[in-house]
Every structure is written in C-alpha cells, then in structure tokens.
C-alpha cells in the first residue's frame with residue numbers, strides 16, 4: 001500500500017468441494033440459507049468460492065484464499081472448460097442439439113459455442129453433457145430453456161483438468177500442487 005508491499009496472507013489453500021443441492025455459493029447469505037462454507041468443517045483458513053453454482057445445482061466447486069489463482073480461473077481469456085451433466089425433460093431433437101452447440105444469446109449477451117452431446121435419452125427425457133468456457137448466471141439452464149428443455153438436475157462434473165472423482169456430496173479435499181499447476185497451465 002502506498003508503495004509498500006503488504007505482508008503475505010499466510011498459507012495458500014486450494015479446495016475441491018462436491019457442493020450438494022440446497023447450499024448457496026457465498027460466504028454469507030442474507031436469507032439465512034446454508035452456504036458452502038458450512039461444509040468445510042475442520043478447515044482453519046478462510047477461503048472463498050471461485051465462481052458459482054446456484055442453489056439447485058450440485059457438483060465441483062473450487063475454493064481458495066489465493067486471489068491470483070481465482071482471477072486466473074475466472075478470466076474468460078484463459079478459457080478454462082467447465083463440464084456439466086444436465087438431466088432434461090422435453091423433446092430432444094438433433095436440431096436442438098445443434099442450436100445448443102452453436103453461438104447463442106442469453107439476456108442480450110452473446111455466449112460462445114458449447115460442446116454438447118447426448119449421453120442417453122428415453123421417453124422421460126435425456127442426460128446431456130455440456131462443456132462451456134464462460135459460466136454466466138444460470139447459463140446452462142437458460143441455454144436449455146431457449147430450446148424448450150427443462151433442466152431437472154444440473155451437476156458440474158469437471159473444471160479444467162479436475163473432476164469430482166470419488167467425492168460424495170458435501171465432501172471436500174485439498175488440491176495437490178500438481179493440480180493447481182495444471183489449472184494455471186490450462187490456457188488454450
């Protein structure tokens with residue numbers, strides 16, 4: 001500050017959490033809802049979420065106390081992939097898959113093309129895999145809504161080179177130095 005370096009803030013922490021549905025991705029909720037930090041029992045360091053998963057979504061969420069790391073992952077120029085599994089209801093057609101894979105406009109904001117594939121489908125609905133780079137507010141849900149599909153369950157399964165692995169909802173683990181490095185090197 002004013003030309004003087006600030007002291008280091010202590011040990012950097014990098015956490016991978018399997019966020020269950022029903023938790024908000026914030027440090028404090030004005031409505032008194034459960035937040036993701038409630039799941040970090042035993043963690044002696046204050047961390048904050050990198051990005052968001054809405055209340056009704058689940059899956060991989062990264063938390064840290066390293067601002068440079070968080071900014072790197074959230075900045076669009078680094079194109080860190082986020083992979084989601086979306087359980088949808090509605091009539092799935094090749095045309096809808098094509099539209100979902102192309103450039104779209106959501107609430108007057110153009111979004112980049114996604115990689116979309118159908119993992120399985122039946123008369124009840126389908127399970128889609130969507131890979132995006134941005135992550136606007138409720139982006140996957142809004143994309144599906146635009147083509148007449150209703151998302152009944154949404155789970156982030158991968159971010160960059162990281163996946164949920166064997167974690168169960170509510171569980172978390174520390175990232176290894178190699179995993180942190182791989183996320184920094186994920187630029188395309």
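Coordinate-derived values only; no laboratory data. What you are looking at is a predicted structure, and each value in this text was computed from that prediction instead of being measured. Here the Cβ positions follow ideal geometry from the backbone for every residue, glycine too, while neighbour counts run over all protein chains shown.
Spatially, the stretch 113-157 and the stretch 25-39 are offset by 26 Å when compared through their Cα centroids.
Using only Cα atoms, what Kirkwood radius does the stretch 81-159 have, in angstroms?
Answer for the stretch 81-159: a Kirkwood hydrodynamic radius of 12.3 Å.
Applying 1/(1 + (r/R0)^6) with r as the Cβ-Cβ distance of residue 35 and residue 185 and R0 = 30 angstrom yields a FRET efficiency of 0.45. Listed by Cβ neighbour count within 10 Å, with the fewest neighbours leading, 157, 147 appear as 157, 147. Counted residue by residue at 0.36 nm each, then reduced by the alpha carbon distance between them, the extension gain from residue 89 to residue 171 reaches 26.6 nm. Build a GNM of the chain with springs between Cα atoms under 10 Å apart, and of 79, 94, 134 the one that fluctuates most is 94. Averaging the sequence gap over all C-alpha pairs within less than 8 Å and six or more residues apart, then dividing by the number of residues, gives the chain a relative contact order of 28 percent. Counting only DSSP H runs of at least 4 residues, each contributing -39500 (n - 2.57), and dividing by the residue count of the chain, the helix-based mean residue ellipticity at 222 nm comes to -4500 deg cm²/dmol. For a label point 7 angstrom out from the Cα of residue 75 toward its Cβ, which stretches of the stretch 23-57 have the backbone nitrogen within less than 20 Å? Correct set: 48-52. Normalised by the number of residues in the stretch 81-159, the mean separation of alpha-carbon contacts (under 8 Å, six or more apart) gives a relative contact order of 47 percent.
Arrange the following residues from fewest to most other Cβ atoms within 10 Å of their Cβ: 127, 63.
Least to most surrounded, the residues fall as 127, 63.
Counting beta carbons within 10 Å around each of 156, 34, 28, 52 and listing the fewest first gives the order 28, 34, 52, 156.
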